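The values are calculated or read from the model by the stated rules, or taken from the named source; none is laboratory data. Worth saying up front: this structure is predicted, and the values here are computed from it rather than measured. Don't worry about glycine lacking a Cβ; one is built from the backbone with ideal geometry, like all the others, and counts go over all protein chains shown.
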Amino acid sequence: MTRDEAKQWIEETCGKGWLPLVDKAFDSLPSEVTIVEAFQKYGHLEFRIDPWDHPAKSHLVDIGYESEAMCEVCGAEASEQIVDGWIRTLCQPHFISLSGGL
């Protein structure tokens with residue numbers, strides 16, 4: 001997966017808020033490690049890599065922790081919310097707009 005493919009997928013499935021974290025992930029990888037998948041799971045950003053590299057994976061997990069406080073739609077300060085049965089990480093305005101004004 002290229003950086004552009006990862007960013008396109010995250011933007012299509014979550015929004016633009018986490019795109020800086022995708023860049024951070026790609027910028028921090030050793031040259032021999034490749035991101036094969038970038039996705040949202042349980043309200044945070046995750047990456048799968050090949051080959052397995054413990055320091056690289058540990059750093060990517062830290063980036064995932066960063067995403068837990070960042071709105072996936074806009075990048076603002078956020079928290080985990082339940083929307084239509086899915087865990088999302090959203091700022092208050094996006095939570096209200098996506099949950100139908102609750």
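Hey, can you tell me all the residues within the range 19-31 that are out of contact with any helix residue (DSSP H, G or I) (no Cβ under 8 Å at 6 or more places or on another chain) and at pLDDT 95 or above?
Selection gives 20, 27.
Would you check which residues across the range 85-102 are farther than 15 Å from residue 41 by Cα and of a type outside the set (S, T, N, Q) and list them?
91, 93, 94, 95, 96, 98, 100, 101, 102
Acidic (Asp, Glu), loosely packed, with under 15 Cβ neighbours inside 10 Å and over 16 Å from residue 11 (Cβ atoms): is that true of residue 53 in this structure?
It is false that residue 53 is acidic (Asp, Glu), loosely packed, with under 15 Cβ neighbours inside 10 Å and over 16 Å from residue 11 (Cβ atoms).
How many residues are loosely packed, with under 13 Cβ neighbours inside 10 Å and charged (D, E, K, R) if we restrict to the range 77-99?
2
Which residue, of 39, 26, 47, is among the aromatic types (Phe, Trp, Tyr) and crowded, with 19+ Cβ neighbours inside 10 Å?
47
Residue by residue through the range 1-19, note down the ones that are surrounded by fewer than 15 Cβ atoms within 10 Å (Cβ to Cβ) and within 21 Å of residue 69 (Cβ to Cβ).
13, 16
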